[in-house]
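Below is one structure; the comments refer to it alone.
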């Protein structure tokens, strides 16, 4: 009889436990969250300097149950790679009902989330310099849980990292402005979703800004060696600069150094893209008097060109270009040039940068321009006088987009 009663007791306990395990868990807005994040992928671009960490007082947007944008702040210290966040205040309920939790760093009160997990947010157009890293709140991250009762957040990086490497003699950088050659949208209005692989996809909207500035505060003194250049990191949305970048470096005296590239640059999510070391040289805008005058293209890529190009240069840096390429008519373009050391670069009057910068050498009445990114692109000019028919077109400018420089 005892054995029989003992068996009944075990069965009753098992039934009770089974009944308890099937009780539904009511989702609630938690007081605390636990957060960690992935580190930048160094498999393709080795970089031992850049490591992600939280800052004391960091805040995130947490979306739970009805898509309230709830503010949570980090409880740990600067340098921690994981830790807890505590609920700081409530947000505004947009009425959506969520089947899981979402979080976005950094916290922005205007960030919204729809029921399907699509976020609308605004990224900063100015990022702060940080030594061997990127500035606080520059790195947008997103986390998504498997259910509404899961409060462990694994943040995924939404953007990629462009690493500029600068050096120069006695140069203190106060800011760096980055632009795409095709005016690609870089910062501002964006849309963020988690794809089917559980990874964030960030898309810049058409109203986003086409320039991104790195604020270097009181200034960053550059290394004077090309073997150990000073690194600068910018966080960018995943994108392709198919025709290169324009980089404007401003020093603490207000001088500007502009470098344009034409090479394709690919920014991938969670990946560091380093640029070649760049020598920052500031010179007066005036060009050497030996460059002033009118020049005719005499040789191009080692042969006599079957097209015509004349160039008039002033000591103040103004250049007028006449070209006749695949046409019976001459086209005229006006631009402003700057000589940094022996490298000349310029911007057309309509705001477009030259397709490249050129290293210039002078030998009497012969001037040679060599593309700084393609040593086979060599143009040899000879000093001349401008034909009368071209002098009459000096005030006009063609709307055609094909330009020699």
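What follows draws every value from the coordinates through simple rules; no lab data is involved. These figures come from a predicted structure and were not determined experimentally. Cβ coordinates were reconstructed from backbone atoms using ideal geometry, including for glycine residues, and neighbour counts include every protein chain displayed.
Computed FRET efficiency, Cβ-Cβ of residue 225 and residue 128, R0 22 Å: what is it to the nearest 0.05? The value I calculate is 0.30. Full extension of the chain segment joining residue 383 with residue 77 gains 103.6 nm, where the gain is 0.36 nm per residue of separation less the Cα-Cα distance. For the range 293-391, the Kirkwood estimate of hydrodynamic radius, built from reciprocal distances between every pair of different alpha carbons, is 14.0 Å. The calculated FRET efficiency for residue 205 paired with residue 376, based on their beta-carbon distance and R0 = 45 Å, is about 0.65.
Residues 330, 322, 354 in ascending order of nearby Cβ atoms (within 10 Å, fewest first): 330, 354, 322. Just to be sure I understand the model, the point goes 7 Å from the Cα along the line to the Cβ. What's the resulting residue 263 to residue 120 distance in nm? Here the modelled spin labels are 4.0 nm apart.
Among 282, 63, sorting on how many other beta-carbon atoms sit within 10 Å of each Cβ, with the fewest leading, yields 282, 63.
Ranked for footprinting exposure by Cβ neighbours inside 10 Å, fewest first, 366, 249, 108, 173 give 366, 108, 173, 249. For the range 171-234 versus the range 246-312, the inter-centroid distance based on Cα atoms is 21 Å.
Could you tell me what a quarter of the Cα convex hull surface of the range 32-279 works out to, in nm² with one decimal place?
One quarter of the hull surface, i.e. the mean projection, equals 13.4 nm².
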